[in-house]
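Since the structure comes first, as structure tokens, the remarks are kept for the end.
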Amino acid sequence: MSAVHPANSLPSELLSRIFELYGAQPPVSLALVSRQWASITFTTPSLWTDLRIVVPATPRGILAPESVEEREFNDNALMSWATQVKEYSLILHTWLERSRDMPLNIEICMGRSLSEAGGELLSVTQAMNGLIPIFSCLAEVSDRVKTLAGAAKYPSPLFYSLMKKNFLLALRQITLDIEVQQSGHEEAANGNIDNTAVSGIDSLAGSPLDSPSLEVIDVQTMPLIMDLEANLPSWSNLTQLGTLIVIQSQLRNILSSCRSLVEGSFQLHDISPPLNTWVGYGTPPVSLPELRVLSLINFDTGTLNCVFSAFKDMPLENLFIKNRRCTHTEQWNCSAKMYDLIPDCGSTLRELMLDHICLDHQRLQVYLETLPVLTSLMLEYGPDTDDVGTVLRQHRLPTDLCFNEILAQLTPSLLDSTESSYEDDESAVTTLAPELTTLVLNVPDDRVYINQGLAENFRISRTSPHAEVNKVAPLEVFTIDEWVLVPESST
């Protein structure tokens with residue numbers, strides 16, 4: 001920039017404030033403009049509080065080198081990686097120095113390898129030791145790191161480096177995308193990673209997830225933690241927690257300890273058998289007065305009812321239940337049970353999503369009768385599929401999945417808004433879900449027949465001007481699979 005440019009006449013304090021508002025990332029881009037801007041950039045700590053760390057990918061090479069050239073190739077790969085780590089740690093140290101004593105927000109991930117050929121040359125433990133220069137820099141500012149986000153595979157050196165003890169214990173929020181590798185045991189058997197790396201997580205004590213200041217834990221998806229209870233004293237201030245893979249007793253203990261929890265997401269581990277009774281049944285229930293959003297994956301009716309029999313006063317507004325574990329056999333006894341959680345929270349529940357649960361239209365009607373403020377209902381019965389869309393398992397209920405019954409139940413009996421004599425006749429209008437504005441029905445396949453006449457009657461009855469006469473909220477979203485029915489009022 002020219003020295004006579006008007007921007008150079010601005011006071012340094014004003015330029016510094018403009019840079020803060022501009023929020024350039026990386027801030028080095030500002031320093032390239034002029035010497036004045038560089039001086040201001042390097043002495044404005046708030047510009048250096050957001051940091052994205054891309055850890056150099058661990059070296060890959062020939063696992064069983066036979067020639068001198070192959071051994072040299074491996075040696076060069078290891079040396080190059082060590083050099084990258086050292087250079088990166090120096091840059092990181094300089095960045096953190098420029099932030100001075102400001103709170104830090106860090107995002108961290110593993111860089112992509114330039115080549116997918118060959119195999120990992122280092123075990124998890126060796127790679128962790130190699131990454132020490134980078135994580136030592138972070139350990140020096142552990143009292144200033146307030147938020148941590150990133151992605152890591154499990155098992156991997158990055159995951160275990162993040163979870164090591166006495167590291168980042170001042171965290172308030174942690175958001176991690178954890179990819180559990182199915183091939184971990186195979187790699188361990190081949191000697192590429194340590195056997196301890198795939199044996200599960202015994203405890204998180206002393207790790208960032210044990211920080212006493214934590215308010216938000218958002219993890220997709222943490223492997224099963226055996227001694228999870230050791231962390232619970234540190235989680236008393238949590239307002240958001242998910243998605244944890246748990247067993248039944250862990251979920252009950254978590255909810256009992258996290259009384260400030262507002263939003264929670266939990267997935268039942270596959271090793272957990274279905275429950276119909278609970279050892280601690282009969283103890284005084286615990287209040288969860290702040291819980292508003294709850295997602296429960298793979299909880300059958302018996303297990304969920306047993307777990308939540310220990311709680312009361314849950315003002316849930318959003319509930320998502322997804323159960324693909326149940327085989328509808330005598331072992332599960334699903335035909336004789338309902339999810340008690342739904343009617344128990346009926347007075348506050350506004351959004352309900354049910355996926356693959358054990359449901360027929362009689363039980364759904366009982367649910368709807370207890371949900372006077374429900375605004376959104378989503379029912380998903382699609383088949384289980386893998387990553388490429390291959391159908392693994394159809395839903396097993398031998399019915400039309402009660403979609404036609406649902407539409408009939410939710411359709412007010414009064415359709416003609418011109419007959420004003422019905423307006424004062426309360427018995428002429430259904431009271432099921434009068435506040436409903438969103439209905440989404442996802443059908444599994446073409447074998448399920450949807451009566452289009454019923455669907456059209458439902459849409460008309462809940463679209464203006466009929467909605468006003470029927471004393472129901474105007475419909476905003478109505479979808480059956482990929483067939484979107486747009487209300488007349490929005491066309």
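The values are calculated or read from the model by the stated rules, or taken from the named source; none is laboratory data. Everything numeric here is computed off the predicted structure, so don't read it as measured data. As a convention, Cβ positions derive from the backbone with ideal geometry for all residues, glycine included, and neighbour counts pool all protein chains shown. Ligands, DNA and RNA are stripped out before the accessible areas are found, and what is left, the full protein with its side chains, is counted by its heavy atoms. Shrake-Rupley method; radii C 1.70, N 1.55, O 1.52, S 1.80 Å.
Descriptive notes on the structure:
- Filter result (crowded, with 22+ Cβ neighbours inside 10 Å and within 14 Å of ASN129 (Cα to Cα)) within the stretch 162-178: LEU162
- Within the stretch 26-57, being open to solvent by 50 Å² or more (accessible area, probe 1.4 Å), not β-branched (Val, Ile, Thr) and not in a helix (DSSP H, G or I) holds for PRO26, LEU32, ASP50, ARG52.
- Residue in the stretch 6-25 that is closer than 26 Å to SER142 by Cα, open to solvent by 20 Å² or more (accessible area, probe 1.4 Å) and part of a loop (DSSP other than H, G, I, E, B) present: yes
- Scanning the stretch 224-242 for residues that are within 18 Å of the chain's Cα centre (by Cα) and open to solvent by less than 10 Å² (accessible area, probe 1.4 Å) returns ILE225, TRP235, LEU238, LEU241, GLY242.
- Odd one out for GLU97, checked against (1) more than 14 Å from ALA57 (Cβ to Cβ); (2) surrounded by fewer than 14 Cβ atoms within 10 Å (Cβ to Cβ): (2)
- Count of the stretch 229-241 residues which are out of contact with any Gly (no Cβ under 6 Å at 6 or more places or on another chain) and either farther than 14 Å from LEU204 by Cα or assigned to a strand (DSSP E or B) (or both): 5
- Flag for PRO157 being within 24 Å of GLY206 (Cβ to Cβ) and either surrounded by fewer than 17 Cβ atoms within 10 Å (Cβ to Cβ) or charged (D, E, K, R) (or both): no
- Among (1) crowded, with 17+ Cβ neighbours inside 10 Å; (2) more than 28 Å from CYS345 (Cβ to Cβ); (3) modelled with pLDDT of 70 or more; (4) not aromatic (Phe, Trp, Tyr), the one test that ASN451 misses: (1)
- Test: residue in the stretch 272-287 that is modelled with pLDDT of 90 or more, crowded, with 21+ Cβ neighbours inside 10 Å and of a type outside the set (Lys, Arg): no
- Flag if THR49 is of a type in the set (Val, Ile, Thr), under 30 Å from SER9 (Cα atoms), touching a Leu at 6+ places or on another chain (Cβ under 6 Å) and modelled with pLDDT under 95: yes
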